[in-house]
Structure formats: C-alpha cells, structure tokens
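Asker: Take a look at this one; I'll ask things after.
The values are calculated or read from the model by the stated rules, or taken from the named source; none is laboratory data. What you see is a predicted model, and the numbers here were worked out from it, not measured in a lab. Glycine also receives a Cβ, built like all others from the backbone with ideal geometry; neighbour counts cover every protein chain displayed. Side chains included, ligands, DNA and RNA excluded: accessible areas come from the protein's heavy atoms. Shrake-Rupley method; radii C 1.70, N 1.55, O 1.52, S 1.80 Å.
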Amino acid sequence: MRLVQVMVPTGRREAVVEALEAEGVDYVLTEEASGREYTAVVSFPLPTAAVEPVLERLREAGLERDAATVVVDAETVVSDRFDRLAAEYETDEETDDDRIAREELATRAEGMAPKTRTFAVLAVVSAVVATAGLLLDSPAVVVGSMVIAPLLGPAMAAAVGTVVDDEALFRRGVTLQVGGGLLAVVAATLFAVGLRVTGVVPTTAAEVFATSEVAERLRPDLLALPVALGAGVAGALSLSAGVSAALVGVMIAAALVPPTAVVGIGIAWGRPAAVAGAGLLVVVNYLSINATALGTLWYRGYRPDDTFGYETATGTGRRLAVLSVALAATTALLVGATVAGGGTAAVDTAAREETRALLSDRPGRLHAVDTRTTGVLVRHPATVTVTVAVPPEAPLPRVAAPLADRLARATERAFADVPAVSPPAPTVRVEYVRTDRARRSSAITTPSPPSRTRAGTVGPTRPSTPPRPVHPLGSRRTTV
C-alpha cells in the first residue's frame with residue numbers, strides 16, 4: 001500500500017477531483033495557502049498496483065509531470081472504498097499487483113546507486129578482500145568480499161534508466177559499472193603485486209593457480225551463466241516489487257567480484273591465459289546481469305513514455321541490440337571453451353582406459369593420470385602424465401609409445417566438433433612406482449614406500465633427457 005500526495009495546479013482542481021472520484025479513490029483535499037501556482041494538496045491511499053495507472057489518469061486531467069508528487073509506504077488503510085479498489089486491481093489480469101509505479105522504480109534505482117566516492121572505496125576494499133581470500137584459498141573471506149561489494153545498484157540503474165527513458169540514470173549506471181570494474185582490477189593487481197614482491201605469498205605461479213578458489217575461475221564455461229542470469233532476474237524482480245534486494249546484491253557480487261580479483265592475480269603473476277579466462281567470465285557476467293535485468297523489467301510492463309516515438313524507440317532499440325550482440329558474441333566464446341573442456345575431459349578418460357587396456361597383459365596397474373592443458377580461452381591437453389604402479393623386481397611395462405599413438409587419435413576425435421581448433425597430440429609421460437600393492441587386484445592409492453622411475457616420454461614437442469642421479473631415498477628416475 002502507498003500513500004500519495006500531489007500538488008494540484010491552478011485551474012485543475014475540479015479535473016483532479018473528478019479523476020479520483022472516477023477511480024473510486026478516497027482522498028483528502030488541503031487548501032494551498034503559499035500563494036504559488038498550486039491551489040491545493042490532495043492526499044490519497046492506493047494499492048501498490050494502482051499507483052501508476054492513477055497517476056497517469058491524473059496527468060491526463062492536467063497534473064503536471066514536474067509537479068511535486070510524494071509516494072510513501074502505508075502500513076494500514078481502513079476503508080471500504082480502498083478494499084474494493086484493492087480487490088479490483090487484484091482481479092485485473094492486466095495489472096501486476098506487486099509491481100511498483102515507474103516513478104517509484106526510478107527513485108529506488110537512483111537510491112541504490114551510491115555516491116561515486118563511496119562506490120570507489122567499497123569497490124577497492126571488496127577487490128582487495130577477494131584477492132586475499134583467493135590467495136588464502138578461504139571461501140569465507142571470499143564471501144565476505146561479496147557482502148561489501150556495491151554492484152547491485154549500478155546494474156539496476158542502467159536497466160531502469162533504459163525502461164523509463166532516463167538518460168542520466170542509464171549513463172550513471174553504466175559509468176559506475178565500467179569504472180568500478182576497472183578500479184577493482186587495478187586494486188586487485190596492485191595488492192597481488194605487493195604480496196608477490198614482498199614475499200608475503202612465497203609461492204610460485206603454478207601453486208597460486210592450483211588453489212581451488214582460483215582454479216575454478218580460470219576456465220569459464222556455460223555453467224557460469226546461470227549465476228549471472230539468475231542474479232539479474234532476481235535483482236529486477238526485487239526492485240520492481242519494492243522489497244529488499246540486499247541478498248540479491250551478494251548474488252550479483254558472487255558472479256563478479258571473485259573473477260575480477262583473479263584477473264588482477266593473473267596480471268600480477270604474468271599469466272595471460274588466466275587474465276583472458278577470468279576476464280571473459282567477468283564480461284559475460286556483466287552483460288548477462290544487465291540483459292536479464294532489462295528483460296525482466298520490460299516483461300513486467302515498464303516502458304519508456306514515448307514507446308512509439310521514433311527517437312525513444314530508436315535509442316532503446318539500439319541499447320538492446322548492442323547488449324544482445326555483445327552477449328551473443330561472448331556466449332559463443334563460452335560455448336567454445338565448454339566444448340573444449342569436454343574434449344579435454346574425453347582425452348583424460350581415454351588416457352585412463354587406454355592405459356588399463358595396455359596393462360591388461362603386463363605387470364603393473366594404473367595409479368594416476370595428470371592432464372595439463374594449454375591455450376588462452378579454448379584450452380586443450382598439452383601433457384598427459386600417467387603413473388603406473390609396478391611390483392618390486394617386475395620388469396617395467398613399456399607403454400609410452402603405444403599410449404601416445406592412441407591418445408593422438410583420441411585427441412583428434414575429441415576436438416573434431418570444436419570449430420577452428422585442431423590441437424596437436426599431447427606429450428605423453430609415463431612414470432612408474434615400485435610398490436607391493438601393485439600385486440593386489442584392488443586399485444592402488446598411495447605407494448608406500450615409493451620408488452618412482454620415469455620410464456618414458458613420448459610426444460611431438462619434448463625430447464628425451466639423460467638419466468638423473470639417484471635421489472637420497474633410493475628411488476631412481478630414468479628417461480628412455
């Protein structure tokens with residue numbers, strides 16, 4: 001429920017009263033004694049869904065758009081006429097009973113977009129906290145960075161500015177999103193560089209990008225879309241219904257803050273592939289949130305006032321077209337990355353199956369397979385390392401060469417459906433672990449005590465290396 005107060009212009013008093021009577025609205029008319037161009041102030045309660053159509057009716061009766069209009073929440077209204085009016089709008093199929101008026105929508109969107117200085121500080125703090133949480137591999141710290149991220153307001157401001165034809169609101173939303181994203185990347189980069197240079201994080205790049213919190217943001221795929229799409233829909237629904245959107249802001253931050261921090265980490269450690277992967281995820285999430293928020297508001301009936309006017313229709317259509325094309329292009333990249341990820345998984349599975357097949361009549365059992373990938377956005381297997389457990393004193397099964405041939409064919413099949421991608425055959429490495437457990441029929445887990453020998457490296461890019469000396473525990477590594 002809402003309580004509406006409007007200023008009645010001179011000469012429009014009777015028309016405004018007649019419009020309210022025609023709508024069946026209870027009202028209170030107060031004389032205006034300030035001597036200005038207004039003669040009265042009229043106050044009346046309305047169901048939430050009735051605010052926009054009643055105000056539109058009053059404008060048709062002569063109420064000016066720039067006249068002072070106040071819409072506030074009303075806790076309780078005791079009136080038979082109000083109850084009948086509420087029931088009328090509840091049964092009207094063309095009216096969304098929990099949708100707030102466009103004027104209220106625009107005001108709420110403006111209030112959700114923070115001042116520039118406050119927004120900048122919160123963006124920097126959230127990026128720094130997210131970077132720390134990622135490097136610590138701490139989900140709790142990463143979630144904390146999402147809570148303080150001020151990202152909901154700018155996204156909703158851009159969408160609302162489009163559907164109500166408020167150019168200033170739209171530009172503010174876009175400016176805050178773009179500026180905030182770049183500022184967050186810079187803050188994350190500087191923080192990560194400082195940690196690396198000072199030795200606070202004494203880890204190699206491989207160790208940093210192997211942490212679970214960082215690794216899951218390095219390879220974007222289509223499964224990243226539901227989070228951003230859902231966040232945009234939830235944000236627009238909560239905003240247009242006039243309910244709290246605080247938790248929705250955390251959901252939006254979950255789609256944007258961690259991958260933005262990973263971009264900074266990738267820059268700090270000099271990993272272009274990490275920057276490209278996480279950067280693509282950030283861009284797709286930004287576009288998805290804005291597109292679904294705009295689509296949801298449009299679906300709920302919000303339109304520019306001059307929907308059929310050429311200028312307004314052209315401006316709104318241009319924004320929708322640019323957003324749709326950009327989202328389609330980035331989604332196509334996600335599709336390619338997803339299909340390539342499936343190809344890599346297929347090669348990994350083939351490595352396990354082919355190794356077991358080769359060892360079926362040889363001593364030893366498959367212990368582990370480690371597939372390393374290469375590439376920027378569309379990644380493919382570069383190295384497949386297979387570890388075979390062999391009983392003591394048993395001859396080493398020579399499986400590197402036949403396994404390399406089989407994986408070359410498996411790679412060709414796995415990536416046959418990936419457009420414009422024809423990866424070379426991966427380099428195959430075979431390592432052996434001496435252990436009594438290899439005699440058992442069950443799968444081998446942890447060798448104890450280990451005696452590891454590297455017995456084969458086959459592939460198009462890695463030459464063989466000379467034998468290495470025996471290490472202190474007595475295991476011997478040899479490349480043949």
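Asker: How much of the accessible area of segment 181-303, probe 1.4 Å, is carbon plus sulfur, in whole percent?
Answerer: Exposed carbon and sulfur together represent 73 percent of the surface.
Asker: Also, I was wondering about something else. Can you give the accessible area of residue 219 in Å² (nearest 10), computed on protein heavy atoms with a 1.4 Å probe?
Answerer: 130 Å²
Asker: Moving on to the next point. At residue 393 and residue 147, where each label point lies 7 Å from the Cα along Cα→Cβ, what is the point-to-point distance in nanometres?
Answerer: Going from the residue 393 label point to the residue 147 one covers 6.3 nm.
Asker: Can you list residues whose amide H is under 5 Å from residue 374's amide H, if they're 5+ apart or on another chain and H is modeled 1.01 Å from N?
Answerer: Amide H neighbours of residue 374, under 5 Å, 5+ apart: 380, 382.
Asker: While we're here: Compare 370, 417 by solvent-accessible area with a 1.4 Å probe and give them largest first, with all protein chains kept in place.
Answerer: So, going from the largest accessible area down, we get 417, 370.
Asker: Give me the distance in nm between label points sitting 7 Å out from Cα along the Cα-to-Cβ direction at residue 137 and residue 211, one decimal.
Answerer: Taking the two extended label points, one gets 0.9 nm.
Asker: Å³ per residue of the Cα convex hull, for segment 247-401?
Answerer: 185 Å³
Asker: Simple spin-label model, 7 Å along Cα-to-Cβ: residue 15 to residue 362 in nm?
Answerer: The answer from the label model is 9.3 nm.
Asker: Sticking with this structure for a sec: Please give the contour-minus-distance gain from residue 413 to residue 107: 0.36 nm per residue of separation, less the Cα-Cα distance, rounded to one decimal in nm.
Answerer: Once the chain is fully extended between residue 413 and residue 107, it gains 104.5 nm.
Asker: Shape call for segment 13-160 from the C-alpha gyration tensor, a ≥ b ≥ c root eigenvalues: rounded (a/c under 1.5), prolate (a/b greater than b/c) or oblate?
Answerer: Prolate, since a/c reaches 1.5 and a/b exceeds b/c.
Asker: Take segment 100-246, compute every pairwise Cα distance, and split them into 10 Å bins from 0; I just need the percent in each bin.
Answerer: The distribution over segment 100-246 is 11, 34, 32, 17, 6, 1, given as percents.
Asker: Still on this structure, I have one more. Rolling a 1.4 angstrom probe over the protein chains, ignoring ligands and nucleic acids, what is the accessible area of residue 64 in square angstrom, nearest 10?
Answerer: 80 Å²
Asker: Follow-up. What ranking do 286-298, 106-118, 320-332 get when scored by the average of other Cβ atoms within 10 Å per residue, highest first?
Answerer: In decreasing order of mean packing, 286-298, 106-118, 320-332 become 286-298, 106-118, 320-332.
Asker: Suppose all protein chains stay in the model; what accessible area per residue would a 1.4 Å probe give for segment 133-288, in Å²?
Answerer: On a per-residue basis, segment 133-288 sits at 38 Å².
Asker: What FRET efficiency would be calculated for the residue pair residue 328, residue 241, taking the C-beta separation as r and a Förster radius of 25 Å, to the nearest 0.05?
Answerer: 0.25
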